[in-house]
Structures are given as C-alpha cells and as structure tokens.
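Here is the structure we will look at, set down as structure tokens.
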Amino acid sequence: MTAVIIDGKEIASKKKVEIAQEVQKLKELGITPGLAVVLVGNNHASRTYVTNKEKTCRDLGMYSVLIELPEEASQEELLSKIKELNENPAIHGILVQLPLPKHIDEIRVIESISPLKDVDGFHPINIGRMMTGQDAFLPCTPYGIMVLLEEMGISVAGKHVVVVGRSNIVGKPVGQLFLNQHATVTYCHSRTKDLQFHTSQADIIVAAVGIANFIKADHVKEGAVVIDVGINRNEAGKLCGDVAFDEVSEKAGYITPVPKGVGPMTITMLMYNTLKSAKNTLR
Ligand code: GUN
C-alpha cells in the first residue's frame with residue numbers, strides 16, 4: 001500500500017481562514033482576541049517558534065504581544081509578569097515558551113497562569129478537566145492531531161491507538177483525547193519491552209519520541225494511520241520526523257509528513273484556543 005499523505009499545511013490553512021472570520025465577528029463586538037507570549041532567554045528554536053506564533057496571530061487579526069526576559073531573569077520576575085498578564089483584560093491567552101532556564105521551576109510557572117487564559121492547556125485544572133471530559137483548553141499539538149484525523153474522515157472510536165512517547169505536552173494528553181473519543185489506547189515509551197509487538201497491532205500510531213527515523217516499516221501494520229510528531233535533524237542536518245517516512249509510507253494507509261504535517265496544526269490550535277478564550281468573556 002502507498003499511504004495517503006495527510007496535508008497538515010492545507011488543513012491548517014483552512015482552519016485559519018475559519019478562525020480569522022470569527023476574529024472579525026468578535027472585533028465587531030469590540031473584542032480583539034489577544035495573546036501574550038513570554039520568552040525567557042535566548043534558546044534559538046524557542047525564538048523561531050515564538051516569532052511564528054506572533055506572526056500567525058497578527059495574520060489572523062488578533063492582538064499579539066511578546067514579552068522577553070533575559071536568561072538570568074528570576075522566577076519572581078517571571079511570576080510577577082504573569083500576574084500582570086492574568087489581570088490584563090486585553091490579554092485572553094498567555095503562553096510561556098518552554099523550556100525555561102534551569103533555575104526556574106516550570107511547574108510553579110505553569111500553575112501561576114490563570115486557567116482561564118491557559119491557551120497551551122498545560123495547567124493542572126485544564127488537564128484535569130480534559131481527563132474528565134469537561135470543556136477545557138486542550139493542549140495544542142494533541143488537539144491538532146485530533147482535528148487532522150477528523151478532517152481526513154478517519155474514525156477513532158473502537159480503534160487501537162498506540163502512542164509512542166509519554167511527554168506531558170504530547171504523549172500523555174494525546175492518549176487521553178483518543179480515549180475520550182472511545183479508542184483503545186496503549187502507551188509505549190523508552191522502557192517498553194518489545195515495542196514492535198505493540199505498534200504492529202495499532203490501527204493508529206502516534207510517534208512522539210524525539211528520535212529521528214525511530215519508527216520503521218517493521219513497526220507498522222499494513223494500512224495503519226501513522227502520525228509523526230517528531231521534529232529532528234538527521235546526520236545530514238535535514239529536518240525529519242520520528243518516522244522513517246520513505247519506508248513507512250510504502251506500508252501505511254495514511255501518514256503525516258515532516259514538515260507540513262502536525263507542526264502547522266499546533267500553531268493553528270493555539271490561535272483557536274485564544275479565540276475561544278476571548279469568546280468566553282462574552283458569556
Ligand atoms: N515548547 C515546545 N512546545 C511548546 C508548546 O506547545 N507550548 C509551550 N509553551 N512551549 C513549548
């Protein structure tokens with residue numbers, strides 16, 4: 001089988017048009033959705049992500065503000081900045097770009113963000129609400145994966161989903177979203193024995209391990225849906241995912257490429273969450 005390529009860039013573009021239209025409607029009511037992005041230090045990858053988030057915000061007609069703190073900024077400074085943003089009515093979403101410098105307690109910082117403005121969906125209140133199936137801000141990459149499948153008309157209920165990776169940002173929450181949609185979910189990770197035994201039974205594989213070309217054709221059942229969350233560089237410095245695309249795409253039924261697969265959906269769902277937060281102020 002040769003896999004259908006899931007075009008994340010195109011699906012993201014379509015969603016962004018819908019979001020921009022809703023932003024315009026909200027602006028007519030006097031509300032401009034506003035996102036504050038906080039960047040601490042000078043991590044090169046983080047700066048690229050943050051610039052992208054800001055630009056997308058403005059492209060969709062939203063208000064965007066970047067708050068930059070130096071690498072040596074204290075935890076107190078950061079917490080006080082977040083407090084200000086929590087209290088600022090022009091700001092509907094607050095995103096603190098991770099990772100933070102080592103001297104800052106990430107969990108403390110995430111917990112200081114108002115759950116009502118936590119558009120990353122990282123606050124324990126939003127995670128708990130997601131787990132119990134209540135309305136919540138859903139974390140952007142997992143949410144983007146669910147939207148990709150929905151847009152492709154790929155059903156989830158009753159499917160066996162194998163998630164490879166257990167990060168707080170992707171692996172753990174994406175498994176929960178699949179469970180909420182009635183899938184049977186298996187989590188695999190670095191200490192899983194006989195990974196191939198599990199992945200080869202999967203109807204849907206989510207690869208989120210952060211190792212270039214880790215998932216090979218032998219891991220994949222014929223016709224399976226393969227979602228690649230990885231953003232890695234191979235030995236030649238070329239951008240690649242966690243899935244060995246050339247060989248797996250010969251066997252899978254559907255596959256997301258890297259780039260232009262899951263990546264564009266992450267930012268799109270951040271915009272969606274910011275819009276949702278702004279709309280919540282009308283309630
Ligand atoms: N670092 C890598 N991915 C993310 C993300 O989705 N949100 C934040 N805040 N930081 C990140």
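The values are calculated or read from the model by the stated rules, or taken from the named source; none is laboratory data. Being a predicted model, the structure only gives us computed values, none of them experimental. Glycine gets a Cβ as well: all are built from the backbone with ideal geometry, and neighbour counts include every protein chain shown.
Candidates are the residues of region 208-260 that are touching a Leu at 6+ places or on another chain (Cβ under 8 Å) and part of a loop (DSSP other than H, G, I, E, B); the one that is surrounded by the fewest Cβ atoms within 10 Å (Cβ to Cβ) is P259. Identify, please: which residue in region 85-103 is assigned to a loop (DSSP other than H, G, I, E, B) and within 13 Å of the ligand (Cβ to nearest atom) and is, among those, surrounded by the most Cβ atoms within 10 Å (Cβ to Cβ)? Within region 85-103, the match that is surrounded by the most Cβ atoms within 10 Å (Cβ to Cβ) is L100. Figure legend. Inter-residue proximity from region 43-64: first residues touching a residue at least 12 places away in the same chain (Cβ under 8 Å) and within 18 Å of C140 (Cα to Cα), second residues β-branched (V, I, T) and assigned to a loop (DSSP other than H, G, I, E, B), beta-carbon distance below 8 Å, spacing 6+ or different chains. Indicated pairs: M62/T32.
The residues of region 110-121 that are assigned to a helix (DSSP H, G or I) and within 20 Å of V50 (Cβ to Cβ), listed by number, are I110, S112, K117. When region 23-59 is limited to residues that are under 17 Å from the mean Cα position of the chain (by Cα) and exposed (fewer than 13 other Cβ atoms within 10 Å of the Cβ), the one that is nearest to E106 (Cα to Cα) turns out to be A45. Which of the numbered conditions does N280 fail, given that it passes all the others? Conditions: (1) buried (at least 19 other Cβ atoms within 10 Å of the Cβ); (2) under 30 Å from G30 (Cα atoms). Just one mismatch for N280, condition (1).
Checking the condition closer than 29 Å to I231 by Cα and modelled with pLDDT under 95, which residue from A36, A45, A73, A20 passes?
Of the residues listed, the single one that is closer than 29 Å to I231 by Cα and modelled with pLDDT under 95 is A45.
Scan region 236-283 for residues that are among the charged types (D, E, K, R) and at pLDDT below 95 and report the count. Break it down stepwise before answering.
Going through region 236-283, the residues among the charged types (D, E, K, R) turn out to be 238, 242, 246-247, 250-251, 260, 276, 279, 283.
Going one step further and asking which of them are at pLDDT below 95, we end up with 238, 283.
Residues in region 236-283 being among the charged types (D, E, K, R) and at pLDDT below 95: 2 in total.
Screening region 122-156 for residues that are closer than 27 Å to E10 by Cβ, in a loop (DSSP other than H, G, I, E, B) and in contact (Cβ under 8 Å) with a residue 40 or more places away in the chain and picking the one that is nearest to the chain's Cα centre (by Cα) gives L138.
Determine whether I11 is surrounded by 12 or more Cβ atoms within 10 Å (Cβ to Cβ), touching a strand residue (DSSP E or B) at 6+ places or on another chain (Cβ under 7 Å) and among the β-branched types (V, I, T). In short, no.
Among the residues of region 222-281, which ones are touching an Asp or Glu at 6+ places or on another chain (Cβ under 9 Å), assigned by TED's automatic domain parsing to the domain that holds V162 and of a type in the set (S, T, N, Q)? Listed by number, the residues that qualify are N232, T256. Within the span defined as region 158-175, one or more residues are within 16 Å of the ligand (Cβ to nearest atom), outside any helix (DSSP H, G or I) and of a type in the set (A, V, I, L, M, F, W, C). The number of residues in region 30-42 that are without any contact (Cβ under 8 Å) to a residue 40 or more places away in the chain and in contact with a strand residue (DSSP E or B) (Cβ under 8 Å, 6 or more places away or on another chain) comes to 0.
Taking the numbered list (1) within 15 Å of the ligand (Cβ to nearest atom); (2) in a helix (DSSP H, G or I); (3) buried (at least 19 other Cβ atoms within 10 Å of the Cβ) in turn, I107 passes all entries but (3).
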